[in-house]
Structure formats: structure tokens, C-alpha cells
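In what follows, a single structure is set out as C-alpha cells and then discussed.
The numbers here are math on the coordinates, done by the rules we state, and not lab data. This one's a predicted model, so the numbers in the text were calculated from it and none came from an experiment. Cβ sites come from the backbone with ideal geometry, for glycine too, and all protein chains shown count toward neighbours.
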Amino acid sequence: MVFDRLKKTFSGALGEAEPDYIEIDLGREVKKAKVMVRPFVLRSFEDVTPILNSLREGYTIAVIDIKPIKSKDIIELKRAISKIKKTADALEGSIAGFGESIIIVTPQFADIYKSPVSKPSNSANKIIGG
């Protein structure tokens with residue numbers, strides 16, 4: 001009751017003016033963030049740029065085939081992997097090798113399972129070696 005009277009009093013004194021703001025429905029503009037698994041082929045050091053740009057977007061898991069550059073120039077491969085690793089570390093992501101020619105790089109919300117490395121048992125060597 002009292003609130004209604006105050007509201008009428010102030011609205012009558014100030015007049016019914018247009019509001020100074022516009023309401024925006026943000027529900028329509030919100031996009032769902034989907035994770036994209038994207039393959040890349042690393043043929044030269046210049047191929048690192050699109051990989052890094054994709055990773056910086058934040059929703060890309062990069063599957064990188066390093067076989068072409070590995071057979072061509074191992075020093076350039078090391079340089080490229082170093083740059084990708086630095087970016088992954090800066091983005092708090094993960095990087096791991098699968099086999100001899102595939103590298104996986106993930107954003108911070110995805111982890112790569114790395115199995116514990118088991119050492120060969122020495123008992124087999126003792127039996128064979130005597």
C-alpha cells in the first residue's frame with residue numbers, strides 16, 4: 001500500500017518517461033561451445049601457425065601427423081614441436097605422442113591419459129644371460 005502510493009507520487013512528479021536502457025535477450029546469442037577434434041598434417045614449420053590458432057580458440061583437440069616433416073627434417077620437427085608445446089603449456093593444455101607419427105594436443109579442460117612406463121624385468125635377462 002505505502003509502496004504503491006510512493007510509486008504513484010514519484011511517477012506523477014517525474015512523468016512517465018522512456019527508460020534510458022534497452023533490454024537485450026542474450027539467450028539467442030549464446031552459442032554452445034562444442035569441442036572439435038581436428039586433424040593436422042605437419043609438413044613444414046609454417047604448418048604450425050594454423051595449429052596454434054586453433055588451439056588458442058580453446059575448443060580444439062589437435063591430432064597432428066608429424067610423419068612428413070619427420071622424414072624430411074628432424075631439426076625442423078623439434079622446433080615445431082617445441083613451439084606447439086610452449087603454446088600448450090601457456091594455455092594449460094596437454095600434449096602427448098601416440099606411436100611414432102601422431103601428436104595429440106588438448107585444451108586445459110581435457111587431459112590425456114598417459115600410462116605408466118613399465119621397465120623390462122631383469123629376471124628374463126638373468127635367465128638368458130646366466
Any residue at all in the range 71-87 that is within 20 Å of Val35 (Cβ to Cβ), surrounded by 14 or more Cβ atoms within 10 Å (Cβ to Cβ), touching a strand residue (DSSP E or B) at 6+ places or on another chain (Cβ under 7 Å) and hydroxyl-bearing (Ser, Thr, Tyr)?
no
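Count, please, the residues in the range 34-56 that happen to be part of a helix (DSSP H, G or I) and either surrounded by 13 or more Cβ atoms within 10 Å (Cβ to Cβ) or touching a residue at least 40 places away in the same chain (Cβ under 8 Å) (or both).
Of the residues in that region, 7 qualify.
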